[in-house]
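Following: one structure in structure tokens, then a few remarks.
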Amino acid sequence: MRREAIGMALSAIACVGMAQAQAQAQENDAPSPSPAPVALRLPAPEARQGVASDGIHVYAIDNDRIGKYVIATGERIAQWQGERRLFPHMNSCTVSGRELVCAASNYPAVPQTSAIEIFDTKTLRHLRTVSLGFGPGSLTVLDRDAGKWWAVYANYAGKGGEPNRDYRYTLLVRMDDAFRQEAAWTFPQQVLARFAPFSCSGASWSADGRLYVTGHDRPEMYELALPEAGSVLEWKRTIGIASPGQAIDWDPKVRNRLWSVDRKETTLVASDIAD
């Protein structure tokens with residue numbers, strides 16, 4: 001009888017596990033929400049990794065090059081080309097005063113190393129590098145909010161990943177002005193499942209202090225919040241966007257306007273996101 005009871009209990013546990021796995025698979029395969037309306041598209045050959053905006057200009061980001069465009073006309077007024085050996089993977093940037101501050105790494109090489117590359121916004125001249133060396137992943141995001149720097153370290157299952165550390169180890173890090181870690185949070189399971197097997201490619205704080213992140217290849221964005229306790233970010237909602245993942249930036253002058261990139265079309269995309 002005891003063996004029978006143990007067998008029944010194990011069978012029940014297995015059934016629950018299978019049901020949870022099936023539910024997770026259905027969630028992973030769920031279609032993306034309908035995309036938010038697109039207000040503007042600007043062709044830009046550098047639009048391969050991400051975009052940053054100062055409200056008047058947009059900066060199209062590729063691994064080793066940047067283009068500066070006037071939003072009103074679409075004209076490119078400055079460009080920068082780096083040496084690929086030194087700039088193998090620049091992923092995203094943000095405008096901070098007169099500087100364009102960019103997250104970079106050695107992806108897909110391992111061991112993973114990261115750096116912050118800083119440019120003059122007027123001329124796109126490369127000003128300096130802050131080398132972070134080895135870290136908890138590949139630096140893909142750097143944003144400024146509430147007097148702090150916010151970084152995302154990506155991890156991957158497969159190409160560019162470290163042994164025994166996949167997308168589940170993706171990390172949001174709050175940093176001080178010297179880019180030293182102050183606190184860190186992991187991502188919620190339902191968002192990680194949508195990232196898989198890749199990771200977080202974009203993140204930007206909105207003007208009203210909300211955090212939005214994107215993955216590598218799905219046309220959707222996730223609103224997250226810092227938890228009241230613990231180390232796991234809280235998922236608030238998933239929003240459909242017109243471009244498949246990659247780095248994003250909020251327009252500081254037009255309310256609720258999000259900039260993203262369509263890497264296949266090498267186009268900068270401005271979408272109007274509902275509250």
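The values are calculated or read from the model by the stated rules, or taken from the named source; none is laboratory data. Keep in mind it's a predicted model, so treat the numbers as computed, not measured. Here Cβ is always computed from backbone atoms with ideal geometry, including for glycine, and neighbour counts include all displayed protein chains.
The residue that is farthest from His126 (Cα to Cα), among those in the range 47-93 that are out of contact with any Gly (no Cβ under 9 Å at 6 or more places or on another chain) and hydroxyl-bearing (Ser, Thr, Tyr), is Thr73. Taking the numbered list (1) surrounded by fewer than 15 Cβ atoms within 10 Å (Cβ to Cβ); (2) out of contact with any strand residue (DSSP E or B) (no Cβ under 7 Å at 6 or more places or on another chain); (3) touching a residue at least 24 places away in the same chain (Cβ under 8 Å) in turn, Ala229 passes all entries but (3).
One residue alone among Ala109, Ala157 is farther than 20 Å from Phe179 by Cβ and touching a helix residue (DSSP H, G or I) at 6+ places or on another chain (Cβ under 6 Å), and that residue is Ala157.
Can you find even one residue in the range 135-154 that is closer than 18 Å to Asn28 by Cα and out of contact with any helix residue (DSSP H, G or I) (no Cβ under 7 Å at 6 or more places or on another chain)? There is no residue in the range 135-154 that is closer than 18 Å to Asn28 by Cα and out of contact with any helix residue (DSSP H, G or I) (no Cβ under 7 Å at 6 or more places or on another chain).
Of everything in the range 185-210, what is basic (Lys, Arg) and buried (at least 19 other Cβ atoms within 10 Å of the Cβ)? Give them in sequence order.
In the first step, residues of the range 185-210 are kept if they are basic (Lys, Arg); the result is 194, 210.
Within the range 185-210, Arg194 is the sole residue that qualifies.
The set of residues in the range 211-226 being in contact (Cβ under 8 Å) with a residue 24 or more places away in the chain and touching a Lys or Arg at 6+ places or on another chain (Cβ under 8 Å) consists of Gly215, Arg218, Glu220, Tyr222, Leu224.
Per the conditions (1) farther than 16 Å from Ala203 by Cα; (2) of a type outside the set (Lys, Arg); (3) in contact with a Ser or Thr (Cβ under 8 Å, 6 or more places away or on another chain); (4) crowded, with 21+ Cβ neighbours inside 10 Å, the sole criterion not satisfied by Asp62 is (3).
Considering only residues that are touching a Leu at 6+ places or on another chain (Cβ under 8 Å) and in a strand (DSSP E or B), look in the range 115-133 and name the one that is surrounded by the fewest Cβ atoms within 10 Å (Cβ to Cβ).
Looking only at the range 115-133, we keep the residues that are touching a Leu at 6+ places or on another chain (Cβ under 8 Å), and these are 115-116, 118-121, 124, 132.
After this cut, where a residue has to be in a strand (DSSP E or B) as well, the list is 115-116, 118-120, 132.
On the way: Ala115: 20, Ile116: 20, Ile118: 16, Phe119: 24, Asp120: 14, Leu132: 19.
Checked the range 115-133; the qualifying residue surrounded by the fewest Cβ atoms within 10 Å (Cβ to Cβ) is Asp120.
Looking across the range 139-152, the residues that are within 8 Å of Val173 (Cα to Cα) and buried (at least 24 other Cβ atoms within 10 Å of the Cβ) come down to Ala151, Val152. Taking the conditions exactly as written (at pLDDT 95 or above and assigned to a strand (DSSP E or B)), does Val141 satisfy them or not? Taking the combined requirement at face value, the residue satisfies it. Suppose we keep only residues that are assigned to a loop (DSSP other than H, G, I, E, B) and of a type in the set (Asp, Glu) within the range 232-267. Which one would you say is farthest from the chain's Cα centre (by Cα)? My answer is Glu265.
Consider the range 150-173 and keep the residues that are among the polar types (S, T, N, Q) and in contact (Cβ under 8 Å) with a residue 12 or more places away in the chain. The one that is nearest to Gln189 (Cα to Cα) is Thr170.
Taking only the range 203-231 into account, find how many residues are of a type in the set (S, T, N, Q) and outside any loop (DSSP other than H, G, I, E, B). Walk me through how you get there before you give the answer.
Going through the range 203-231, the residues of a type in the set (S, T, N, Q) turn out to be 204, 206, 214, 231.
From the residues that got through so far, the ones that are outside any loop (DSSP other than H, G, I, E, B) too are 204, 214.
Residues meeting the conditions: 2.
Restricting attention to the range 116-124, does a residue exist that is more than 24 Å from Lys236 (Cβ to Cβ), of a type in the set (A, V, I, L, M) and either under 20 Å from the mean Cα position of the chain (by Cα) or modelled with pLDDT under 95 (or both)? Show your work before the answer.
Of the residues in the range 116-124, the ones more than 24 Å from Lys236 (Cβ to Cβ) are 116-124.
After this cut, where a residue has to be of a type in the set (A, V, I, L, M) as well, the list is 116, 118, 124.
After this cut, where a residue has to be either under 20 Å from the mean Cα position of the chain (by Cα) or modelled with pLDDT under 95 (or both) as well, the list is 116, 118.
Yes, because at least one residue in the range 116-124 is more than 24 Å from Lys236 (Cβ to Cβ), of a type in the set (A, V, I, L, M) and either under 20 Å from the mean Cα position of the chain (by Cα) or modelled with pLDDT under 95 (or both).
Yes/no matrix, rows are residues, columns are (1) part of a strand (DSSP E or B); (2) at pLDDT below 95:
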| position | (1), (2) |
| --- | --- |
| Gln22 | no, yes |
| Ala25 | no, yes |
| Arg41 | yes, no |
| Glu46 | no, no |
| Val58 | yes, no |
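Looking at the range 240-258, can you tell me whether even one residue there is surrounded by fewer than 24 Cβ atoms within 10 Å (Cβ to Cβ), out of contact with any strand residue (DSSP E or B) (no Cβ under 7 Å at 6 or more places or on another chain) and of a type in the set (Val, Ile, Thr)? There is at least one residue in the range 240-258 that is surrounded by fewer than 24 Cβ atoms within 10 Å (Cβ to Cβ), out of contact with any strand residue (DSSP E or B) (no Cβ under 7 Å at 6 or more places or on another chain) and of a type in the set (Val, Ile, Thr).
Just one residue in the set Thr113, Thr121, Thr73, Thr94 is closer than 22 Å to Leu258 by Cβ, of a type in the set (Ser, Thr, Tyr) and without any contact (Cβ under 8 Å) to a residue 60 or more places away in the chain; that residue is Thr73.
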